[in-house]
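Every number in this text was worked out from the coordinates using simple rules, so none of it is lab data. For clarity, every value in this text was computed on a predicted model and none was experimentally measured. Using ideal geometry, Cβ is built from the backbone for each residue, glycine included, and neighbour counts are taken over all protein chains shown.
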Amino acid sequence: MPAILGALAAALIALTISVKALGGDYWPVDLVTFFWPVAVLFAVLLLPATFLFPGKSARFLAILAVAVSLYPIFALPPAPEATAGNRLRLLTANLLGENRDAASFVALLIREQPDIVVTQETRNRFVDAVRGSGLYPFETTGTSHENDDKKVFSRYPIREQARVEDPPTAIKLDRHPMRLVIDGPDGPIVIYAVHPDTPRSLEQWVQRNAYLDLLAGSIRREAENAAVVVAGDWNTPAYSVFFDRFFDRTGYRFARPGWYLPVTRFWTRAKRFVYFGSTIDHVAVSPQLRVTDWRRGRDINSNHLPVIVDIAMPVVNAVARN
């Protein structure tokens with residue numbers, strides 16, 4: 001038995017190294033990051049099991065497996081500093097295409113009072129319900145298909161709206177980020193609404209990764225002191241190499257509650273007992289922005305939980321692109 005436990009611990013160590021070293025090249029390895037907290041939990045449970053049997057080798061490997069498996073969690077992109085300031089509240093939610101419970105979503109908006117709402121898999125019944133609430137005088141234009149089922153509602157005027165287009169030399173994407181400029185109370189705010197493809201197949205994985213590259217390239221052309229927020233269903237765990245790459249390229253900050261990331265995309269059959277799944281709904285902010293609060297919203301009968309972020313805005317913003 002000690003030999004088996006030691007082999008399991010060694011396998012976890014090898015898996016962690018592979019995720020960071022090979023995840024950028026091999027689709028199956030990158031997919032492991034969707035359930036990385038499960039791997040950490042397995043390593044933690046494996047450690048006490050080694051104390052039930054004689055032998056130090058398995059115990060040493062188990063301790064090393066716990067330490068190594070925690071590395072992706074403690075190597076998350078940097079978070080913005082928490083500070084006081086004029087608050088702007090943003091809510092992002094994947095509404096789930098077949099979800100018909102628009103009333104629960106509107107009730108959440110009334111309860112939380114976000115200033116900007118970014119939705120994915122947005123059907124007309126949700127658009128009509130939000131319009132009927134009278135909460136948001138401004139919204140993005142265009143059909144759901146044109147915007148890849150994304151929608152943005154705002155308390156403040158939307159000055160610009162554009163799709164981020166493919167570079168001439170890049171692969172043709174099926175989906176594209178949407179860039180908005182909103183005239184906020186403290187100056188203009190650039191919003192990127194995102195929803196890349198889910199990496200369920202190798203082709204979709206390539207599409208998702210190219211989408212994140214396109215997004216990072218567009219963000220790097222923003223003015224250095226622009227107030228920029230990126231929000232949506234990224235279909236990318238925070239432990240993925242491609243998530244790291246986005247933040248390395250942009251220098252942005254990852255809005256998060258701490259080192260532990262609560263699940264936002266979950267298996268609906270288990271939700272009566274626990275939200276089991278992944279954290280793939282994210283918000284990123286430009287370096288000068290600060291986040292005062294991050295939390296999950298209540299269940300809206302989707303397979304995602306909303307993410308609500310309070311952002312402290314600088315007094316003067318610029319939006320001119322470099």
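Principal-axis analysis of the Cα atoms of the chain puts helix 241-250 at an angle of about 50° to the longest axis.
Bridging of LYS271 to aspartates and glutamates at a Cα separation below 14 Å is possible for ASP299, once same-chain residues fewer than 8 apart are set aside. Segment 10-60 and segment 61-124 have Cα centres separated by 27 Å. Along the axis of the charge dipole computed for the chain (Cβ charges of +1 for Lys and Arg, -1 for Asp and Glu, origin at the Cα centre), the listed residues TYR260, ALA162, ASN147 are led at the positive end by TYR260. Ordered by the number of other Cβ atoms lying within 10 Å of each residue's own Cβ, fewest first, ASP183, ASP149, ASP30 fall into the sequence ASP183, ASP149, ASP30. Around the Cα centre of the chain, unit charges on the Cβ atoms of Lys, Arg, Asp and Glu (plus for the first two, minus for the last two) sum to a dipole of about 720 debye.
Would you mind ranking ARG253, ARG272, ARG296 by Cβ crowding within 10 Å, fewest neighbours first? Write out the running numbers ahead of the final one.
Working: ARG253 21, ARG272 6, ARG296 17.
The order, fewest Cβ neighbours first, is ARG272, ARG296, ARG253.
Modelled spin-label separation between ARG87 and GLU224, with each label point placed 7 Å from Cα along the Cα-to-Cβ direction: 3.2 nm. Relative to the globular-protein estimate of 2.2 N^0.38 Å, the Cα radius of gyration of segment 2-74 stands at 1.10.
Footprinting exposure proxy ranking of THR143, THR16, fewest other C-beta atoms within 10 angstrom first, gives THR143, THR16.
How high is the relative contact order of the chain, in percent, counting Cα pairs under 8 Å that sit 6 or more residues apart? That works out to 21 percent. Relative to the dominant Cα principal axis of the chain, helix 202-219 is inclined by about 50°. Between ARG131 and SER104, the simple spin-label model (points 7 angstrom out along Cα→Cβ) gives 2.4 nm. Note on the chain: with a GNM built from Cα contacts shorter than 10 Å, the maximum mean-square fluctuation among GLU98, GLU222, GLU121 falls on GLU98.
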